[in-house]
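I have placed the structure first, in the form of structure tokens, so that the comments after it can refer back to it.
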Amino acid sequence: MKVLLLSPYPEKLKNLIIESGDEVISHEHPIDESFITKNNIEFIVSYGYRYKLNSSLLKKVNYNAINLHLSYLPFNKGAYPNLWSHIDDTLSGVTIHLIDDDLDTGNILFQKEVKIDRNYHTFKSSYLFLTQEIERLFALNWIYIRKKICLGWPQAEQGTYHSIKDSETIIKTLKNGWETNINEFIMFNVNTKNQSSI
């Protein structure tokens, strides 16, 4: 099978896919329908890819496309899901889901809740922890995904979504950037809100 791996960091997943006997093309820039046709792509794996795949492109592969998302969907669709799971105090986790015509809304194929110790972790270290978990989840289940025997289950209607613009406002307030301790950041914001309400 000819697999297109859309990712800025394809190394680990690429090797796993090749070991299953599939051919892989990795790419991180925007693509169109002609790219799919020219390269005879049969399946798409998206991981950290920054561009939305439109419906005409997805039709070219019969919607045989999955995304690896660093949140416990339906919570924290969109940008910087790890950041928002702590700000909104929603479940942390990782999800492999089908790609549909919307953003992070397709059927869930595989999912795992991941406990993050906020006293110990920074935003960066928790992100790296989640990438390890999603790569492990993919490694365990690619054999089933590639055979297209997983239909998954629809996401619950309730959930959350955050845009890049929403996220950038918060990111500017991180005292030590991504190395900011999660619990210190949360406590600082709770105290700030309490003082402003006095």
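Does Ile149 qualify as being closer than 20 Å to Lys112 by Cβ and without any contact (Cβ under 8 Å) to a residue 40 or more places away in the chain? For Ile149, the condition - closer than 20 Å to Lys112 by Cβ and without any contact (Cβ under 8 Å) to a residue 40 or more places away in the chain - is met.
Among the residues in region 47-55, are any in a helix (DSSP H, G or I) and in contact (Cβ under 8 Å) with a residue 12 or more places away in the chain? Scanning region 47-55 turns up at least one residue that is in a helix (DSSP H, G or I) and in contact (Cβ under 8 Å) with a residue 12 or more places away in the chain. Considering region 10-34, the residues that are over 18 Å from Tyr144 (Cβ atoms), in a helix (DSSP H, G or I) and touching a residue at least 24 places away in the same chain (Cβ under 8 Å) include one that is most open to solvent (accessible area, probe 1.4 Å), namely Lys12.
In region 36-46, of all residues being in contact (Cβ under 8 Å) with a residue 12 or more places away in the chain and farther than 15 Å from Ile145 by Cα, the one that is most open to solvent (accessible area, probe 1.4 Å) corresponds to Asn40.
Of the residues making up region 62-88, those that are touching a helix residue (DSSP H, G or I) at 6+ places or on another chain (Cβ under 7 Å) and over 23 Å from Leu137 (Cα atoms) number 1.
The values are calculated or read from the model by the stated rules, or taken from the named source; none is laboratory data. Everything numeric in this text was worked out from a predicted model, so none of it was measured. Glycine also receives a Cβ, built like all others from the backbone with ideal geometry; neighbour counts cover every protein chain displayed. Accessible surface is based on the protein model in full, side chains and every heavy atom, while ligands, DNA and RNA are left aside. Shrake-Rupley method; radii C 1.70, N 1.55, O 1.52, S 1.80 Å.
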